[in-house]
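The structure under discussion appears below in the form of structure tokens.
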Amino acid sequence: MPRLALLLTVPLGLLWAQDEAELKHKQKAAREAAKLGKDGLAQLAPLLEDADALVRVEAVKALVEIGTQYSLDPLVRAARDNDAEVQIRAVEGIVNFYLPGYAQSGISGSLRRAGNRVMGKFTDTNTQVVESYVVPRADAIEVIARLASGGSSMESRAAAARAAGVLRGRAAVDSLLEGLRTKDDRLMYESLVALQKIREERTAARVLFLFNDPNERVRIAAIELTGMLRAAEAVRDLRRTVEQGQTIKTRRAALGALAMIPDAAHRELYRQMLADKDEGIRAGAAEGLARIRDQADQEALSTALTAEKKTGARLSICFALAMLGALEVGETAPLRYVVDNLNSRSYRGVAEPFLSEIARSREGRAALYPLLQTGSKNEKGGLARALAASGAADAVEPLDALTKDADTEVAAEAIRALRNLKARLP
């Protein structure tokens with residue numbers, strides 16, 4: 001009897017059961033291969049080419065579990081798959097190699113299939129980025145960039161955009177800019193945050209049109225990017241947004257971005273806003289005066305500090321006074337207040353960048369170096385990172401000394417900071 005005729009005599013339920021059994025067998029084989037470590041890679045190779053996407057997904061999950069450099073080549077190949085879930089998991093696996101733990105916190109943990117669609121929930125936390133001394137492979141960035149602009153779904157494109165930012169993938173910039181022209185808020189937001197992490201100057205002019213975007217997260221991310229890049233071409237739009245922004249959050253973001261771009265033309269605006277009823281506006285005004293660095297503003301800032309009750313605004317005012325030369329570290333000194341906030345879970349993320357700016361001057365670093373020996377664990381770690389970000393060669397010796405700290409966590413943080421600093425030095 002011909003094969004086709006024989007197949008037609010087999011009940012469809014039996015054929016389905018056989019297919020299901022084969023699927024489960026292959027998925028189990030992938031899980032078993034993961035337990036073998038790098039020795040299981042050969043067994044995963046044919047599963048990565050399987051006709052069933054569910055088998056390929058399980059094979060990619062196994063590659064991520066194996067980790068190590070031996071998984072990178074097959075993960076890069078898997079990222080070229082045409083299935084959205086395979087793409088997402090492969091991309092997260094690539095990032096996980098350079099930033100261990102990334103795959104556990106990524107979108108893949110929430111993925112579910114609905115027919116032909118793959119959906120997942122992106123967390124709002126998007127601050128992860130590799131250390132400055134980490135240099136990802138060019139082909140890894142290339143495949144991620146390709147997915148950011150041409151993935152099989154908006155989910156896989158957004159996951160790739162996020163990954164490009166985490167890896168500081170400069171080669172993905174054009175793909176990220178392309179993502180800003182879609183109508184997908186999630187992809188637009190992830191692309192903007194990635195551009196913030198990469199910080200390529202030419203991108204500032206390409207995001208100005210988003211200052212009036214209807215989605216507030218997208219709008220604010222675009223505004224913040226221009227401030228981070230200190231984009232002079234954005235000043236007029238930022239000033240207008242400060243004065244006419246759609247929401248108070250938008251106005252705060254615009255003022256914060258404008259404050260990043262030193263311009264004495266805005267000095268009177270900042271002085272007026274020191275007394276604004278909104279804490280965020282007062283903070284942004286102080287930061288603007290900090291960067292203009294006009295000594296004549298010391299009195300106004302000192303008066304504002306005396307009247308200020310909110311920690312966020314006080315922190316910004318103290319930063320401004322330190323930038324204007326108040327570099328004493330006594331118990332009630334402005335600089336001491338900034339350093340103290342490295343101990344605060346709520347404000348250390350604000351204090352540390354302020355200290356990085358203070359550390360850009362030789363005088364600022366000289367004031368901070370003694371605190372590396374006397375500070376708390378959180379202070380020593382935060383100061384180490386701030387000094388590394390300064391890019392100053394004279395910070396090498398103090399950080400090297402901190403690598404010998406009696407607290408092993410402090411010593412480890414100092415080692416990372418020293419490596420980051422050396423990566424920035426010519």
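The values are calculated or read from the model by the stated rules, or taken from the named source; none is laboratory data. From a predicted model like this one, the values you see are computed outputs, not experimental measurements. As a convention, Cβ positions derive from the backbone with ideal geometry for all residues, glycine included, and neighbour counts pool all protein chains shown.
Just wondering, is there one or more residues in the stretch 286-293 that are of a type in the set (D, E) and either in contact with a Cys (Cβ under 6 Å, 6 or more places away or on another chain) or over 23 Å from R251 (Cα atoms) (or both)? For the stretch 286-293, residues of a type in the set (D, E) and either in contact with a Cys (Cβ under 6 Å, 6 or more places away or on another chain) or over 23 Å from R251 (Cα atoms) (or both): absent. Taken together, R89, R56 contain a single residue that is in the same structural domain as G150 (by TED's automatic domain parsing), under 23 Å from the mean Cα position of the chain (by Cα) and over 14 Å from A140 (Cβ atoms), which is R89.
Of the helices (runs of 4 or more DSSP H) contained entirely in the stretch 131-232, those carrying at least 2 residues that are touching a Phe, Trp or Tyr at 6+ places or on another chain (Cβ under 8 Å) and over 28 Å from R416 (Cβ atoms) fall at 216-228. Of the residues examined, D213 is not one that is closer than 19 Å to S316 by Cβ and without any contact (Cβ under 8 Å) to a residue 40 or more places away in the chain. Determine whether the stretch 137-146 contains at least one residue that is modelled with pLDDT under 95 and closer than 15 Å to A84 by Cβ. No, there is no match, as no residue in the stretch 137-146 is modelled with pLDDT under 95 and closer than 15 Å to A84 by Cβ.
The number of residues in the stretch 242-258 being exposed (fewer than 14 other Cβ atoms within 10 Å of the Cβ), assigned to a helix (DSSP H, G or I) and not charged (D, E, K, R) comes to 2.
In the stretch 63-72 there is no residue matching the filter, namely being buried (at least 21 other Cβ atoms within 10 Å of the Cβ) and more than 30 Å from the chain's Cα centre (by Cα). Considering the stretch 401-426, the residues that are touching a Lys or Arg at 6+ places or on another chain (Cβ under 7 Å) and of a type in the set (A, V, I, L, M) include one that is surrounded by the most Cβ atoms within 10 Å (Cβ to Cβ), namely A417. Test of understanding: among G179, G150, G169, which residue is within 16 Å of the chain's Cα centre (by Cα) and either at pLDDT below 95 or not aromatic (F, W, Y) (or both)? Going through G179, G150, G169 in turn, the sole match is G169. Candidates in the stretch 359-383 are the residues that are more than 11 Å from D394 (Cα to Cα), of a type in the set (A, V, I, L, M) and more than 27 Å from the chain's Cα centre (by Cα); of these, the one that is surrounded by the most Cβ atoms within 10 Å (Cβ to Cβ) is A367. Considering only residues in the stretch 185-210 that are touching a Gly at 6+ places or on another chain (Cβ under 8 Å) and touching a residue at least 60 places away in the same chain (Cβ under 8 Å), the one that is surrounded by the most Cβ atoms within 10 Å (Cβ to Cβ) turns out to be E190.
Kindly establish whether Q104 is free of Cβ contacts under 8 Å to residues at least 12 places away in the same chain, polar (S, T, N, Q), more than 22 Å from R146 (Cα to Cα) and part of a helix (DSSP H, G or I).
Values: free of Cβ contacts under 8 Å to residues at least 12 places away in the same chain: yes; polar (S, T, N, Q): yes; more than 22 Å from R146 (Cα to Cα): yes; part of a helix (DSSP H, G or I): yes.
Spelling it out, Q104 is indeed free of Cβ contacts under 8 Å to residues at least 12 places away in the same chain, polar (S, T, N, Q), more than 22 Å from R146 (Cα to Cα) and part of a helix (DSSP H, G or I).
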